[in-house]
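Just so you know, all these numbers are worked out from the coordinates, no wet-lab data involved. Keep in mind the model is a prediction, meaning the values are calculated, not measured. No Cβ is skipped: glycine too gets one built from the backbone with ideal geometry, and neighbour counts run over all protein chains shown.
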Ligand SMILES: [Fe+2]
């Protein structure tokens, strides 16, 4: 991709976006200590002690507990001289406010001083928000939004710290182990709300392929597509950054080389380990807010119809690529970089470039054996208006490179159905 021409700069100005060049402003963070490699579960206590943990509340779900992984984690915690204060294994696939409150209460009752999340995105996000309630009290919805945790100096200074949180991800996709956001369901209102602030970055992420050894292939596929969606949406978001670009592109290389291997040959430790790393890298652009409307479309589908997040993204992503790439040459250039990395055609106009990438993504999704239509996963056509409402109000919509109207969102859902 060359320097932008005057004409491209003018297009960027016209749409109020800056898709290349030196950005007027950005902020980038990656503060979580990442430890990656083999045999790390047995050393989890040794590593977590360095973050100040002494009495650990383990947060997980029943399925993971049933695999025996928690026994290995408990042994690892105790081997490092730490105590397991309690094990909360009540996190459902789509966690909600009540679960968060219960997890926080159980940790308090057990006099824990640290959280260790062992699970996928739902488990890790539960632990993050439980830590907020554990430390500051209140109800989960009270903390909704960005940068709302208590701070010194009348709210202008450094945010007060939380208890140390370590994460052992058991899926390779959400990247929640290195992000500062928790996405939790409000079951009464049928929405997913986000809480995000700097202290919510986990202190420690432990990436060991052993932790995804028993991951069912269809979940490896769906969560891997979530990681791909983060990398692609992060790279083409109007909130892109040079730092985030570096992470997104390396994530895409690892996903290109490892996602299908990890799903089709689950015994391939290298592929599973590389996907854990790819999921980490792919989420990094979101630290500057870089994400897009595949997520805006997927969040309401999850909130209303329990469509798993990764499955919804896998279905929506190709349509969003085609929509965005037709929004201007400055956006198409970003997709050209991705096509180049994936060995796809980079010539032609924006729609051609987008179609090329969208077809490639569709091919990956179908080879992974995932659904390709929202109607296959329980979304009826009659739901489009309520889904569009959710998508319009989603925070991811504002940072998409091309701003969709209500009608355009409805058209995207209609295509994805
Ligand atoms: Fe996601």
- MRE, 222 nm, helices only [DSSP H, n ≥ 4, -39500 (n - 2.57), over the chain, to nearest 500]: -15500 deg cm²/dmol
- When Rg is the radius of gyration of the Cα atoms in the chain and Rh is its Kirkwood radius, what does Rg/Rh come to? 0.96
- Task: Give me D for the stretch 37-212 in µm² s⁻¹, whole number, from Stokes-Einstein with Rh from the Kirkwood sum over alpha-carbon pairs, 4 °C and 1.567 mPa s.
- Result: 82 µm²/s
- Item | Burial ranking of peptide ranges 171-180, 252-261, 38-47 (average Cβ count within 10 Å, highest at the top) | 171-180, 252-261, 38-47
- Tell me, what is the percent relative contact order of the chain, built from C-alpha pairs under 8 Å that lie six or more residues apart? 15 percent
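For residue 242 and residue 366 in the same chain, what is the full-extension length gain: residue separation times 0.36 nm, less their Cα-Cα distance, in nm?
Details: separation 124, 0.36 × 124 = 44.64 nm, distance 3.20 nm.
Length gained between residue 242 and residue 366: 41.4 nm.
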- Rank the residues 235, 146 as a footprinting-exposure proxy: fewest other Cβ atoms within 10 Å of their Cβ go first. 146, 235
- Among 54-64, 71-81, 153-163, the order from most to least packed when residues are scored by Cβ within 10 Å on average: 54-64, 71-81, 153-163
- Query: Across the stretch 42-126, how large is the tail of the calculated P(r) beyond 19 Å, expressed as a percent of all Cα pairs?
  - Reply: 33 percent
- Note on the structure: Residue span residue 403 to residue 35: 0.36 nm per residue of separation minus Cα-Cα distance leaves a gain in nm of 128.6 nm
- So for 190, 355, 299, fewest C-beta neighbours within 10 Å to most, what's the order? 190, 355, 299
- Task: Take the stretch 227-383, drop everything but the C-alpha atoms, weight them equally and run the Debye formula without solvent; then report log10 I(q)/I(0) at 0.12, 0.14, 0.17 Å⁻¹ to two decimals.
- Result: -0.49, -0.68, -1.01
- Message: At 0.36 nm per residue, and after removing the present C-alpha to C-alpha distance, how many nm does the segment from residue 42 to residue 146 gain when stretched out fully?
- Response: 33.9 nm
